[in-house]
Structure formats: C-alpha cells, structure tokens
C-alpha cells in the first residue's frame, strides 16, 4: 500500500464526488522549501481528486520544479508568484510589516480573500502565528489562537489532541476554557470522537492542586454541560488514553511536547546502540527496525502530522520546519479534513453555546 | 557485584574512617512502609560503616521486623517510637496540625533538634514539604524549598539535575534565581561537577522567548559571575547533555517529569509487545531485557533515586511512594552524600555571594 492509498483510505470521503476545495501552500517555507513542498503538493493532488492547490512562491523556481515533475500545466495547480520569503529567524513584527509579498503572507491572504479555504506553511512558527492572527482575525468569543496537534497513546488506535503547544506563553482561565471548547470541536469533527473527554493538564489530579486560574477553568468547564470535562490529568496521563483532549497553556504544552520528543530521541538512540552492539541483535534489529520506528515516529507529532492554529476565522496548518515531503503532505491532508468538516464554523457555534449561561 | 558493592564503590569516601553520621528514617511512610524501609535501612548499614539510623515508627512493627532480620540489638540502629502515620491522602495542614507524633514529623523534628543530620521519607509529598518547611525553616535568602532530582542524558555517564519538580506551583524571577544557585551547588557538591552549566527551561532558545519573569531571571543569572549560566533550553534539551542543571517552576517541572515517565512507560510497553509477538524477537527480548530495562529505569527518577527538598535548614530526601527497598536505599545514600558534602551550608554560602551586588 503506498502513501496515496493510505491517505485515500483514511480520507475516503474525498473521493465521493465532493465539490472542489482549494488550499493555498507557502511553497518557500521550511528548511528545504520547494524541494519538499512541491513533491508533497503533487502527491496531495494524486490522492485527492477534488483538490485544487495554489502554490505561493518564486515563480521561476516553482515552474522549474513543476516541469521536472511534468505537472506544469495541471489544471488543479495555480502558481501565485511572490517575491519575498519569511526567513526562519525573522521576527514576527518584521514579517508582518515588511514582508507583505512573501509566500507565507500571500497564502494567508488568499484564505482571507476567500480564494482558498485553508493554507499550509512549514515556515517560521511565530511569523505564521502573527500573520494569521493579524490577517484572519479571531472567531467571535476567542481571545487567542492555539496550536493543537495529536500525540499517540498506549492504545495504538487512539491518539490525544493537545493544546496549546506554544502559541501563547500564559493563558488565563477564560482562554483555557475557550481552548477546551475548541479542542473538543476539533476532536469531534476531525477524528469523529463523540463527546470527547476533555482534561486540564495539572501537577496533580486532586481538585486542590494547581494554580488559581486552572481551578477556575475547571469550575467553568464543570458548569458547561456541552463539554465532557473529566478533570485534571498529570503529564504521564497524556499517553494513558484517559482523555481525548488535553488543555494547558502554551509554555507548559511546549515543554511537554518537546520533553516527549527529547525522551523519544534519547531512548531510540540508546536502543539503536544496544541493537548494534551484538551480532544477533544487529540481524534482529534489521527485522524489527520498521515496527520500532513506528513506535517513535508519532512522538514528534508536529514533524509528522502538522499542527493547526485554531480559533481563527480561517484554517491554518503548520508543518514542521524540517518536515519531509510525506510530513508536508500530512499537513495538507489535515487542512483538507478541517475544510471538509468546517472546523472554524463548528467552533464558532460551540463557543456561542459555551459562552451562554446554562 | 551486589548492591552494596555498587554503593561502596560510588561512595568510597564513607569507608575512610569518617566520623559517624546519623539519619532519621520515616519507617511508616510510602505505600509499603516498614516492609521496604526496614530492609533498605539494613542494607544502608551494611554499605556504610559510619552510618547510624534512627527508625521512626510503630515500635512493635519495627521490633518484629528487626527480629526477623536479626538486627534488633544492632548498636547503629535506634528505634524512635511514634503513634501516628501521615496517610498518603492527608492534607498538608492536617499533617502539620494533628499528626505531631507521626513517624514523618518525628524524622523531621530530629533534624531540627540536631539529633539527626538528615531525614528520609517515602510518605505523602505535600505533607513532607509542608512539615519540613514549617519545622526546619528556610535558609537565609531562600524564599521557597525546591524539589530536585536527576534525569538521564544521551551520555550514559552523565545526568542532569532538574528543579523545581513540583514543590511550588508558580515561581517568580527571584525564586527561580535562588533555585539556579541551589541547583548549581547541589550538582557541584553531590556530583563533583566543576562550574556546572545552568540553564532555564523555556519554550524556545531565543532571548525574546518566554514570560517576563523568566527573562528577568535570565538577566539576573547573566549578571552573576559565580554561576555558569548558559541560557534557555527547550524540553528536548533536558536529555541532550547541554546543561548540568535545569531550572523551572514546579508546575512546568512536574509536567516535564511526568511526561518523561509517561513516554518511557508507553514506549517500553509497546517495545515489549513487539518483542513478544515474534519468535526471534522473544529471544532478542530475553538477551537484551537487562540493557533495555537500564534505559528506561532512570526515566522515573523520583522512583529510583529519591528527590531532595533543598533550600531548608536541614537535609530532607523524598523517596517515591511506591519505591522498593533498593529505591529507598538509594534515597538514604543520597541523604548520606548531602550530609557528607554539607549541602545546606554550601548553598547558604553561595546564596550570600549571589545576593551581593557584583
């Protein structure tokens, strides 16, 4: 089964004569830019018959690449020429003020102008966050966008959505409450989980634990009958399949996510060392290389799945800066799913319910 | 090489005719109480010739256990009879006010009264923190005690000290600054690391990242020539051997530690599943069970090494609630090291230097 088959299987609804959908791609973003974004775009077209892509970036480079792949005159591909690139170390304010003709900015602008239903970028996270916030604006009732992605759990068939993964340093109780609602909608719409279990990440499970604002969020969520709030969970419970959605501020979420990546990386390397030190292990290590890799791969979720910036009036998916073309493809497919399931509209509806007194 | 040999090798200074040292043990604390604390105490005596232990707890239970081990009349063991036990779910305030004759309280009291140089407990963390804070008081210049332990790194021979691991929910810049100094002293004195590299855990390495108070701590540390401050690190760098000491508030530290445990647990179980599904893998699993376990074991550090409560006018070591006797022994040996290296005195000295203007 190739990548395309895999995706078609997981996104079978795309194939059933659905109306066309259009996604704008920041072709120049990420460590390798067009070298990975263009092959990913072509794979996405192959997998999704009703998909149209707008490639924002340097016209000459894109044209050369498309000729190479014999995709230059494909009717489902449009080139949107841009002259600037947001560098990985550009400050967000610089990107907003001085790079109005960058591939990243244009991809977001196209969503604002209703010419695309979503955009995908592997570029500078801070710049993408600020540009998206500035251009698309927040959904009514949402104060801040959140970065959300999924992590694996003990149960191979399930994963857990976690937010915020680093878009905001500190979040007060109202913001955490909004994140809980947004995460619940995403889990329900993208993963089809009915009545997702929502938990707050804390330093203990007991009600008395944690900061005042997290306790306040807990009482706000308890009072909302539309959210299946299950209480506090600790860091080890991220993976225990207790919750479908885990909510925390961006600082804590970012540290948890990076710690997870760090542990996985260290354990994987130590395991490889053991498996290379012994003759039998070297042979068996080869046999089991694929299943062992499968354990570790999802533990770097933003690299492999893409993370979404939610809470905006538009869909923005962030792929990892050093994503390969498979990972960028996964980010495009995440955008496709969110467009099809109308995630922003659903969040808006749920927030209006959640903000009304019970 | 048995456990004792291992410890003697790592703590060879104990053997060189040093003056006697006395440690008070909370025998009743932890999930299994005397069943694990008494065998650990006996092992500690065997490993450390100059060690004297005061066993605080139910006299009848302790006597029965010591008879069983033929250690009742050992001159290096003293029983300190107590009538109460702090339960694992007792609130700290309840433990302080109503359990003044508990094994935990007496172990701490003995340190205060200079009858012991340190105490070790596997009991209720919150209660131990509050009792120690209340009874021993803080070192001058320290506002809050911190929970510190060590985590493994990519380099098998090195580990990293991390604090605070959950004693405090929020820490302002002054508290984080004090933690950095205390962590640096512990790494230097306990591990013999000269000029330990100290880092602040943040959501990015760039100077502009993070909260205002973390940026303020960074500038305070930069201005202190006595601390080898190396800047911000991210969650994945906990294990990359970049720093010897990593400082964060208790909420973030607790989430990072628990996330680490959660990932390790999940990966280990998935690995066992792979290794049990195939004939060759089962063989491989048997051959490599020990080295594989060795990778995962230190990833639950409070369970295996004990964590120290530092910043107090006395040494308090916390063993994990479900520690086995080997783990409780490790916590006793940690206390022995801290007594020998006079950690509180060294922290006091360094803090006085650190708080003086450069």
TODO: Hey, could you check the range A:232-260 for residues that are touching a strand residue (DSSP E or B) at 6+ places or on another chain (Cβ under 6 Å) and more than 9 Å from chain B (Cβ to nearest Cβ) and say which is surrounded by the most Cβ atoms within 10 Å (Cβ to Cβ)?
DONE: A:247
- [ ] Give me a count of the residues in the range B:52-80 that are surrounded by fewer than 18 Cβ atoms within 10 Å (Cβ to Cβ) and in a loop (DSSP other than H, G, I, E, B).
- [x] 8
- [ ] Give the number of residues within the range A:104-128 that are over 25 Å from residue B:206 (Cα atoms) and either touching a strand residue (DSSP E or B) at 6+ places or on another chain (Cβ under 8 Å) or in a helix (DSSP H, G or I) (or both).
- [x] 12
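Quick grid of which residues meet (1) modelled with pLDDT of 95 or more; (2) more than 14 Å from chain B (Cβ to nearest Cβ):
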{"residue": "A:136", "(1), (2)": "yes, yes"}
{"residue": "A:141", "(1), (2)": "no, yes"}
{"residue": "A:159", "(1), (2)": "no, no"}
{"residue": "A:167", "(1), (2)": "no, no"}
{"residue": "A:187", "(1), (2)": "no, yes"}
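Any idea which of B:152, B:145 is more than 14 Å from every other protein chain (Cβ to nearest Cβ) and within 17 Å of residue B:253 (Cα to Cα)?
Numbers: B:152 fails: more than 14 Å from every other protein chain (Cβ to nearest Cβ).
Answer to the check: B:145.
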- [ ] Filter the range B:208-230 for residues that are in a loop (DSSP other than H, G, I, E, B) and within 22 Å of residue B:251 (Cα to Cα) and give the result.
- [x] B:208, B:209, B:210, B:211
TODO: Check off (1) surrounded by fewer than 16 Cβ atoms within 10 Å (Cβ to Cβ); (2) at pLDDT 95 or above; (3) within 24 Å of residue B:327 (Cα to Cα) for residue B:83 and give me the number that stays unchecked.
DONE: (3)
- [ ] State which residue is modelled with the highest pLDDT when the search covers only the range B:114-131 and only residues that are farther than 17 Å from residue B:344 by Cβ and surrounded by fewer than 24 Cβ atoms within 10 Å (Cβ to Cβ).
- [x] B:130
Task: Cβ-Cβ under 7 Å pairs, at least 6 apart or on other chains, the range A:54-76 side at positive phi, far side surrounded by 16 or more Cβ atoms within 10 Å (Cβ to Cβ) and in a helix (DSSP H, G or I) - done: A:57/A:34; A:57/A:103
- [ ] Select from the range A:146-165 the residues that are over 12 Å from the mean Cα position of the chain (by Cα) and crowded, with 24+ Cβ neighbours inside 10 Å and write down the one among them that is nearest to residue A:297 (Cα to Cα).
- [x] A:152
Task: Some residue of the range A:213-227 being closer than 16 Å to residue A:176 by Cα and at the interface with chain B (Cβ under 9 Å from one of its Cβ atoms) - done: yes
- [ ] Just one of (1) touching a residue at least 24 places away in the same chain (Cβ under 8 Å); (2) within 19 Å of the chain's Cα centre (by Cα) trips up residue A:255, so point out which.
- [x] (1)
Open item on the list: Of all residues being outside any loop (DSSP other than H, G, I, E, B) and at pLDDT below 80 in the range A:297-334, which is nearest to residue A:168 (Cα to Cα)? Just the residue, please.
Closed with: A:302
- [ ] Could you check, for the range B:201-209, whether at least one of its residues is modelled with pLDDT under 90, within 14 Å of chain A (Cβ to nearest Cβ) and surrounded by 22 or more Cβ atoms within 10 Å (Cβ to Cβ)?
- [x] yes
Task: Residue list for the range A:267-277, filter: surrounded by fewer than 24 Cβ atoms within 10 Å (Cβ to Cβ) and touching a helix residue (DSSP H, G or I) at 6+ places or on another chain (Cβ under 7 Å) - done: A:268, A:270, A:271, A:274, A:275, A:276
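The values are calculated or read from the model by the stated rules, or taken from the named source; none is laboratory data. Bear in mind the structure is a predicted one, so any value in this text is a computation, not a measurement. Heads up, the Cβs are rebuilt from the backbone with ideal geometry, glycines too, and the neighbour counts pull from every protein chain shown.
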